[in-house]
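Report on one structure; see the data block that follows.
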Amino acid sequence: MVLTIITPVYNGSAFLKSCLENVSSQWQDGIEHIVIDGGSKDGTLEILKEMAEKFSHVQWISEKDNGQSDAMNKGIQMAKGNWISFLNVDDFYEKGALNSVLNRIKTNENEEKILVGNLNIWNPDGNLRNLNMPSNMTLPLLIADLCEWPFNPSAYFYPKSIHEKIGYFPEKEHFAMDYDFILKSAVAGIPFHYVNETWGNFRLLPDAKTSQDQIGNQSYLRSQGLRDFYFEKLNFAQKMEVRWLKLNWYVTLKWRKFFPKLSE
């Protein structure tokens, strides 16, 4: 098995079938899709049983868990693929994404790097909000919060072996586990390989956990806390580079504010 796609779900019947069909429409030999259900009561199990009978690459379990990070860790442990990706139940891959990614994996299967593509971010009304293009990620820029990072895991793929180096997702983290993974990987020296292709689609739904977390600035504060945590793990030279980047950004911002004509 080359690639395992992991979908954690709890009471996600509204999107589950389309999620499974999205992967099935792009399926080819070497891909498995594992759904980790937290004990849903909304018809999710019926959909899982139906789709697993229809598609042999769909595997699933349903049992009570300790939240999304716990479900994701279970999926990693079950994965037969050398590479993994997480597809949340309300997100979807762009047409042709899995074929492109699988070809790249097969060419460089033994390289320990994170493949990163672009991500469409959709408003609740179905209009495109923006395109996430994390083309310039470096450790100092990530810690300084001065570059785009992969906003959703539907747009990146990586070797399962990375978790042997950095550990699994923290069970007590229920919101920023994706961001924590990106920062932890960067600190561990895992390289990011950017591909200028759109692979993932993320829906900003008002009732979704991510949208709720952004109310009251909680999302930003949580992210800043993670950056502060990983900043302390940097060596002296790396810390100085982060401080210089933030100072340079601040000075440039003030210069443009007070001398707008000169900065044009």
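Every read-out reported here was derived from the displayed coordinates using simple, explicitly stated rules and does not represent laboratory data. Keep in mind the model is a prediction, meaning the values are calculated, not measured.
Points to keep in mind about this one:
- Sequence-separation-based contact order of the chain, relative, with Cα cut under 8 Å and 6+ spacing, percent: 20 percent
- Crossing angle, helix 177-187 versus the chain [Cα axis fit, 0-90 degrees, rounded to tens]: 60 degrees
- On Cα atoms only, tilt of 13-24 relative to the major axis of the chain in degrees: 90 degrees
- Subtracting the Cα-Cα distance of Asn66 and Glu46 from their residue separation scaled by 0.36 nm leaves 5.0 nm.
- Angle between the chain longest axis and helix 97-107 axis [Cα atoms, degrees, rounded to 10]: 80 degrees
- Convex hull volume of the C-alpha atoms in segment 78-220, normalised per residue: 124 Å³.
- Per residue, the convex hull volume that the Cα atoms of the chain enclose (Å³): 147 Å³
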